[in-house]
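Asks: Okay, here's the structure, questions in a sec.
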Amino acid sequence: MPNADLTALKAHMAENPGAVIETVAHERGVTPREVIEALPSEMVKLGGGADAFVTAMQDIAEWGEVTLIVHTDDGIFETTAPLSPGKLGHGYYNLTEPKGLHGHLRHERCGGVAFVERPFMGKSSAFVAFLNVDGGVMFKVFVGRDEARALKTDQLERFRALAAKIAA
């Protein structure tokens, strides 16, 4: 990305940190990863790849109920439930629980794991974005909310500890 475009993107994200990442990427002709990296540095920590993918997914499986979102050009898919503890096999990270979200993830295509804390729609938000090798978002896992719609304190602590471990 040319330096002037990067400067403009960083300025835009500083003024609009709650903007929908995929929308900004589409409008500016950049990858979602570039949008995440353009957020103010205090809002994002980035690290890892395929190994970090496995570490993060296994840790998140212990958090309890979270919201997993897949955002494509054709829709936004969400599920709120505990994540299945997965395991590696046959070239995939396999979500093994028979109920709820299950399937087979191509963990080797993970090019980074981003930990993002930012305002979104007037509330604090925290999510882990699993980024593919092309700069796209594979999916995001959001820290859950309590009855008062505040971020769950225990999950936020786990989120921050995992970010410190992976993005060290």
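The values are calculated or read from the model by the stated rules, or taken from the named source; none is laboratory data. Predicted model, so just to flag it, every value in this text is computed and none were measured. So basically every Cβ, Gly included, is an ideal-geometry build from the backbone, and we count neighbours across all protein chains shown. Side chains included, ligands, DNA and RNA excluded: accessible areas come from the protein's heavy atoms. Shrake-Rupley method; radii C 1.70, N 1.55, O 1.52, S 1.80 Å.
Asks: Please work out if Glu78 is closer than 23 Å to Arg149 by Cβ, within 14 Å of the chain's Cα centre (by Cα) and open to solvent by 80 Å² or more (accessible area, probe 1.4 Å). Can you show your working first?
Replies: Values: closer than 23 Å to Arg149 by Cβ: yes; within 14 Å of the chain's Cα centre (by Cα): yes; open to solvent by 80 Å² or more (accessible area, probe 1.4 Å): yes.
So Glu78 fits the description; yes.
Asks: Going through Thr79, Thr31, Thr72 one at a time, which residue ends up being of a type in the set (Val, Ile, Thr) and over 18 Å from Leu131 (Cα atoms)? Talk me through it step by step, then tell me what you get.
Replies: Working: Thr31 fails: over 18 Å from Leu131 (Cα atoms); Thr72 fails: over 18 Å from Leu131 (Cα atoms).
The unique qualifying residue is Thr79.
Asks: Going by what's in this entry, would Gly112 be described as touching a residue at least 40 places away in the same chain (Cβ under 8 Å), more than 14 Å from Ile60 (Cβ to Cβ) and in contact with a strand residue (DSSP E or B) (Cβ under 6 Å, 6 or more places away or on another chain)?
Replies: Working: touching a residue at least 40 places away in the same chain (Cβ under 8 Å): yes; more than 14 Å from Ile60 (Cβ to Cβ): yes; in contact with a strand residue (DSSP E or B) (Cβ under 6 Å, 6 or more places away or on another chain): yes.
Considered against the rule, which asks whether it is touching a residue at least 40 places away in the same chain (Cβ under 8 Å), more than 14 Å from Ile60 (Cβ to Cβ) and in contact with a strand residue (DSSP E or B) (Cβ under 6 Å, 6 or more places away or on another chain), Gly112 comes out as yes.
Asks: OK, next. Scan region 2-9 and give yes if some residue there is modelled with pLDDT under 95 and of a type in the set (D, E, K, R), otherwise no.
Replies: Checking region 2-9: at least one residue is modelled with pLDDT under 95 and of a type in the set (D, E, K, R).
Asks: So His71 ticks every box in (1) loosely packed, with under 15 Cβ neighbours inside 10 Å; (2) at pLDDT below 95 but one. Which box is left unticked?
Replies: So the condition that His71 fails would be (1).
Asks: Taking region 145-156 on its own, how many of its residues are open to solvent by less than 80 Å² (accessible area, probe 1.4 Å) and at pLDDT 95 or above?
Replies: Summing the residues that are open to solvent by less than 80 Å² (accessible area, probe 1.4 Å) and at pLDDT 95 or above in region 145-156 gives 4.
Asks: Limited to region 26-68, what total is found for residues that are in a helix (DSSP H, G or I), open to solvent by 40 Å² or more (accessible area, probe 1.4 Å) and within 18 Å of Thr7 (Cβ to Cβ)?
Replies: So the count comes out to 6.
Asks: For region 132-144, which positions are of a type in the set (A, V, I, L, M, F, W, C) and open to solvent by less than 50 Å² (accessible area, probe 1.4 Å)?
Replies: At the first step, the residues of region 132-144 found to be of a type in the set (A, V, I, L, M, F, W, C) are 133, 137-139, 141-143.
Selection gives Val137, Met138, Phe139, Val141, Phe142, Val143.
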